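**Student:** Below are the structure tokens for one structure; questions will follow.
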Amino acid sequence: MKQLVIILCLCLLGCQKTNSKSEPKHLDKTATVSKNSFAVFDSLFEQNPAFRANSFDFPVGKPNAKGYYNAQKFTENNHLGEDWNGTGGGNSDLGDAVYAIGNGYVKFAENAGSGWGNVIRIVHQYNGNYYESLYAHCDTIFVKKGTFVPKGMQIGTIGNADGAYYAHLHLEIRDDIFMEIGGGYSTNTSGFLNPTTFIKSNSN
């Protein structure tokens, strides 16, 4: 009987030991993947320090969106960004300039399909943190993936997602730079920031 109790105790201790070892391994692996993902951008900006962001402007009517208005604000109708329209209404702003809101690195610049049209995604390193600005429904794209852009550079023109809407610029700002493009609308705003609040709080 004593031998049976001893064997059971050893089995229990063995299981507890195995579990305690396996959990840190899983956490370490996750931390390494995350660290490696940021390391790519750390290296890019370390090699190109002039393109670290130091302030932000609006993407239309630079620097303060003169001649434009925010037609659909952040979280309005579960909107994850802002829709910038020319004050002339309709398609009066079709082909107008879209500017980079800050210095950064172009991580995506192509047609993202139905509902999105041409999309540009720029990663910004700012005050030791990373942010992403996303510009959607563009008529034309003037930048290429893998290049750096300065604040205020024209990166494209306002479009209508291949005729899906009246012309406007859909702008998102994210503090999670590894998210998929998403759907533009959601009740979950995790990873998304209010663009106007962010730009006004971090402008010159």
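**Student:** Each residue of region 95-103 in turn: what ³J(HN,Hα) in whole Hz from Karplus with 6.51, -1.76, 1.60 and θ = phi - 60°, glycine and Pro shown as x?
**Tutor:** x, 5, 5, 10, 10, 5, 6, x, 4
**Student:** Right, here's the next one. Among 65-78, 99-112, what's the highest-first ranking by average C-beta atoms within 10 angstrom per residue?
**Tutor:** Ranked by mean Cβ neighbours within 10 Å, highest first: 99-112, 65-78.
**Student:** Whole Å is fine, so just give me how far the alpha carbon centre of region 154-201 lies from that of region 65-91.
**Tutor:** Region 154-201 and region 65-91 have Cα centres spaced 11 Å from each other.
**Student:** Of the cross-linked pairs 66/144; 107/151; 151/200; 73/107; 73/144; 66/151, which ones have a Cα-Cα span greater than 22 Å in the structure shown?
**Tutor:** Numbers: 66/144 27 Å; 107/151 16 Å; 151/200 15 Å; 73/107 25 Å; 73/144 28 Å; 66/151 17 Å.
As for pairs spanning more than 22 Å Cα to Cα, those are 66/144; 73/107; 73/144.
**Student:** State whether region 53-204 is rounded, prolate or oblate according to the following rule on the C-alpha gyration tensor (a ≥ b ≥ c being the square roots of its eigenvalues): a/c under 1.5 gives rounded; otherwise a/b larger than b/c gives prolate, and the remaining case gives oblate.
**Tutor:** Note, shape of region 53-204 comes out rounded.
**Student:** Specify whether the C-alpha gyration tensor of region 162-204 places it in the rounded, prolate or oblate class, a ≥ b ≥ c being the square roots of the eigenvalues: rounded for a/c under 1.5, otherwise prolate if a/b is larger than b/c and oblate if not.
**Tutor:** oblate
**Student:** Provide the packing ranking of 82-90, 141-149, i.e. peptides ordered by the mean count of other C-beta atoms within 10 Å per residue, highest first.
**Tutor:** Descending packing order for the listed peptides: 82-90, 141-149.
**Student:** Can you list which of the GluC sites (Glu not before Pro) found in region 117-189 are DSSP loop residues with at most 16 other C-beta atoms within 10 Å?
**Tutor:** Filter output for region 117-189: 180.
**Student:** Now, a different point. By the gyration tensor of its Cα atoms, with a ≥ b ≥ c the square roots of the eigenvalues, what is the shape of region 34-111: rounded for a/c under 1.5, prolate for a/b over b/c, or oblate? Can you show the working numbers first?
**Tutor:** Numbers: a/c = 2.54, a/b = 1.90, b/c = 1.34.
Cα axes put region 34-111 in the prolate bin.
Values quoted throughout were computed directly from the atomic coordinates according to the rules given, and no laboratory measurement underlies them. Predicted, not measured: the structure shown is a model, and the values here were computed from it. Ideal geometry is used to build each Cβ from the backbone, glycine not excepted, and the neighbour counts take in all protein chains shown.
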